[in-house]
């Protein structure tokens, strides 16, 4: 097959690194349990750090997107596998998500390796992660409310925030109080709230 001028240009464009390439490499490193280093990532892409930062923002922004790319489908799977209806379904889904995160070796490795960064990215407004998770929980709550299977004890957004904070408490208990995390309590606590 003969290359055409257009096919050569398309091949050249496809081989140039960009923000998506940077994200893909960072995600691969994260899933392999390796620390995502901006200098190493820039070198692997053949660009300087300034270019990489222009593409993806800072390291925290990149990590938040990488973690979200894994968390969102994990949450969806937990919702699909959830048992019951109403508050029980919400509790089962959120509890299942917490268990899946706790069983993810690469996620646990990140949290243990960089606890302060993990808490900042996952549990504060320093990144979009927490708000996105709250949005997913809010959607799930609304599904159950609209189906007539849940009478919320608080306004829905507030309730979603409380549910996420409950899950964070049990998931990151070691970093908050020094106690051993027990993600099995997430489902119990959320079920008690939504009874």
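Only the coordinates and a few stated rules stand behind these numbers; no lab work does. Bear in mind the structure is a predicted one, so any value in this text is a computation, not a measurement. Please note: Cβ atoms are built from the backbone with ideal geometry, for glycine as well, and neighbour counts cover all protein chains shown.
Between residue 16 and residue 60, what FRET efficiency follows from the Cβ-Cβ distance if R0 is 30 Å, with the result rounded to 0.05? Mind dumping the intermediate values first?
Details: r = 26 Å, r/R0 = 0.86.
About 0.70, to the nearest 0.05.
The spacing between the stretch 40-105 and the stretch 153-188, judged by their C-alpha centroids, is 17 Å.
Relative contact order of the stretch 129-195, taken over Cα pairs closer than 8 Å and 6 or more residues apart, is 26 percent.
Once both labels are positioned 7 Å from their Cα atoms along Cα-to-Cβ, the gap between residue 192 and residue 149 label points is 2.4 nm. Were the residues from residue 83 through residue 180 laid out at 0.36 nm apart, the gain over their Cα-Cα distance would be 32.3 nm. Between 0 and 90 degrees, the angle of helix 19-31 with respect to the longest Cα principal axis of the chain falls at about 60 degrees. Modelled spin-label separation between residue 157 and residue 53, with each label point placed 7 Å from Cα along the Cα-to-Cβ direction: 3.4 nm. For the stretch 1-85, what does the alpha-carbon gyration tensor say about shape, rounded, prolate or oblate, given a ≥ b ≥ c as the root eigenvalues, a/c under 1.5 as rounded, and a/b over b/c as prolate? Judged from the Cα gyration tensor, the stretch 1-85 comes out oblate (a/c at least 1.5, b/c at or above a/b). What is the helix-to-structure angle for 184-193, meaning the angle in degrees between its Cα long axis and the longest Cα principal axis of the chain, kept from 0 to 90 and rounded to the nearest 10? It is inclined by approximately 50 degrees. Computed from Cα positions, the angle between helix 86-103 and the longest principal axis of the chain comes to roughly 50 degrees.
With contacts taken as Cα pairs under 8 Å at a separation of at least 6 residues, the chain carries a relative contact order of 20 percent.
Here the extension length gained between residue 135 and residue 165 equals 9.5 nm, from 0.36 nm per residue of separation less the Cα-Cα distance.
Here the extension length gained between residue 109 and residue 35 equals 25.7 nm, from 0.36 nm per residue of separation less the Cα-Cα distance.
Between residue 7 and residue 126, take the C-beta separation as r, use R0 = 35 Å, and let me know the FRET efficiency to the nearest 0.05.
0.20
From the Kirkwood radius over Cα pairs of the chain, Stokes-Einstein at 25 °C and 0.890 mPa s returns a whole-number translational diffusion coefficient of 133 µm²/s.
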